[in-house]
Amino acid sequence: MARSSARPGRTLGVFFLGLAVAYGLVALVGTWKPALGLDLEGGTQITLIASGSVTKDNLNQAAAIINERVNGSGVTEAEVTTQGSNEIVVQVPGPSNSSLVQTVIRQARLRFRLVAQAGPSATPQTPVPSTSTSPSPGVGVTLPPSSPTGSSTPDTPKSSPTGKNRAPALLGMSKHKPKKNTKDKPSSSPSTAPTAAVPDSTSKLHYTAADKKAFSDALTWMTNPDPQSLAVYNAYTCPSKKPVVDDPNIPIVTCDDAGQKYLLSPALIEGTEISSATANPPGSSQGSVQWSVGIQLKSHGADVQRNLSQHMAGDQSKTFAIVLDGQVISAPFFSQVIADGRSEITGNFTESEAKSLATGLKYGALPISFDKKKTTIEVIGPSLAGDQLSAGITAGIAGLLLVMIYCLFYYRGLGLVVIASLLVAGAATYALVLLLAKSAGFTLTLPGIAGLIVAVGITADSFIVFFERIRDEMRAGKSMRVAVETGWIRARATCVAADAVSILAAVVLYIFAIGVVKGFAFALGLSTLIDLAVFFWFTKPMVSTLARFPFFHKGHKLSGLDAENLGVDRLPAGGRA
């Protein structure tokens, strides 16, 4: 303890260095204004209307999933509520964000399908039987159902050229330019071609037993798709005006967001097989230079993926499609065999796109679907008038000034330590609020501001406990320098216990609360932690430094430690002992 007290200046220097680093990071982030919540700044309101009849339980479950999505990556304090029997209203602070909107409405139904054909939307090259009628351009086409074994997995091959390399593979190439040959050829088995017409978006085809058997072996069907599926593929036009019905048991024709169309096999792996999904920044894995989405499959999905990669690894002409809500988001090939189900989806993702996709996959599919035509997005203003907000801030500043004036009046010279500590705590809090707004999506609302103000009282309590311990030790006959060290030993235990109770209360409130109350708990816990840091690394070394000056240890009347103020006849001898 003596060694620590001998160099309080070093502790202060390290503390201010840390504070300077925090503000240096703020400068790098480039924002000096905290992100304000819905009640202070306004934001975006998204109204979702469920399709068809839904139950109250399904509506509440969907609202809970959406709430986890928009608040799962930080403390954005978005409000998600149900309205009526079929509406969900999402209010998100800040300006409209397309990625956030997609995160809200995304169904997050992810499926892995093999690619039989891939090419730009163009004039069909495969001849259609003369008795056929083409589907209307732009109409979403769902191919006919297969047999119940339509989604079975291929058998494990005897060996694979890449079978010795068991490391996780990077799955994706460019999500806009899949490495798939644009072959458009008729089936080599014309004998199985039916006489039925090519369907529109609602009619069905009649498949022969040979066609259904081809469906059951997805790898065989991929290299030799049936002629009916080819006919529908060649007549299909991207972009589609109607959403594709993403039935996992049947082949589908769909597009990606660049207008590329695909003929895909029945689903081989369902999104429910994903156990975790994370957004990975550039450099997170060897050779990665862009954002990607890392996924971990469960045991069944990992087995299917391993078997597929053993058949397809290293052949860039054999690709598979990752289909999200009926749209192809990536069409990569297997660069190597994947043994443990760990892989990455890559493909020119931006940071917001990668995080949005990972969040949607992490929190699962919604139990209901929404009518996209009835989805409304509007900008809403702050719910509090500007003069009311100004009045609240003015009241907070006035209260803080009163605390400072009282401390100066009561503790005199030591009151300067109170003022300096509060200012330093405020500076540290502001820096962390700015950094958390960028890194964790923390938004400042009125309840959050209330949590910060409440913590001011906790900070002031720490000073009072410490100062009163010092005064008690000096009344017992100890010099100021000795009283600071002995009083610190007793005061810190009391202050740590009090702050621990506040942090525990904040944690419990944060876990069980919802909405803006969660923001209050987060702000309270953050401020309490800052109080501990300031108390240990600023207040105590500052008092130890002041104890070296005669103004304090000799008991000047303005120091607050004179004999009259302490209620003793005279100060103890050896003020510098």
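Read-outs: derived from the displayed coordinates by stated rules, not from any lab. What you are looking at is a predicted structure, and each value in this text was computed from that prediction instead of being measured. Note that we place each Cβ from the backbone using ideal geometry, even for glycine, and neighbour counts take in every protein chain shown.
Residues whose amide H comes within less than 5 Å of that of Ile345, counting only those at least five positions distant or on another chain, are Val293, Gly294, Ile295 (H built at 1.01 Å from N in the peptide plane).
Relative to one another, the C-alpha centroids of the stretch 247-297 and the stretch 489-547 are positioned 44 Å apart. The order of the peptides 39-47, 82-90, 328-336 by mean Cβ neighbours within 10 Å, most packed first, is 328-336, 39-47, 82-90. Straight-distance candidates among the aspartates and glutamates for linking to Lys554, with alpha-carbon spacing under 19 Å and chain neighbours fewer than 8 residues away dropped: Glu468, Asp472, Glu473, Glu485, Asp562, Glu564, Asp569.
Ordering of 262-275, 409-422 by packing is 262-275, 409-422, highest average first (other Cβ atoms within 10 Å, averaged per residue). Listed cross-link partners Lys318/Lys373; Lys56/Lys261; Lys261/Lys355; Lys373/Lys518; Lys298/Lys355; Lys438/Lys518 are compared with a 29 Å cut-off, the Cα-Cα value being larger for Lys318/Lys373; Lys56/Lys261; Lys373/Lys518. Rounded to the nearest whole Hz, the Karplus-based 3J(HN,Hα) values (6.51 cos²θ - 1.76 cosθ + 1.60, θ = phi - 60°) of the stretch 319-333 follow the sequence 10, 10, 10, 9, 10, 10, 6, x, 10, 6, 9, 6, 10, x, 10, with x at glycine and proline. Packing, taken as the mean count of other beta carbons within 10 Å per residue, orders the peptides 481-494, 519-532, 457-470 from highest to lowest as 519-532, 457-470, 481-494.
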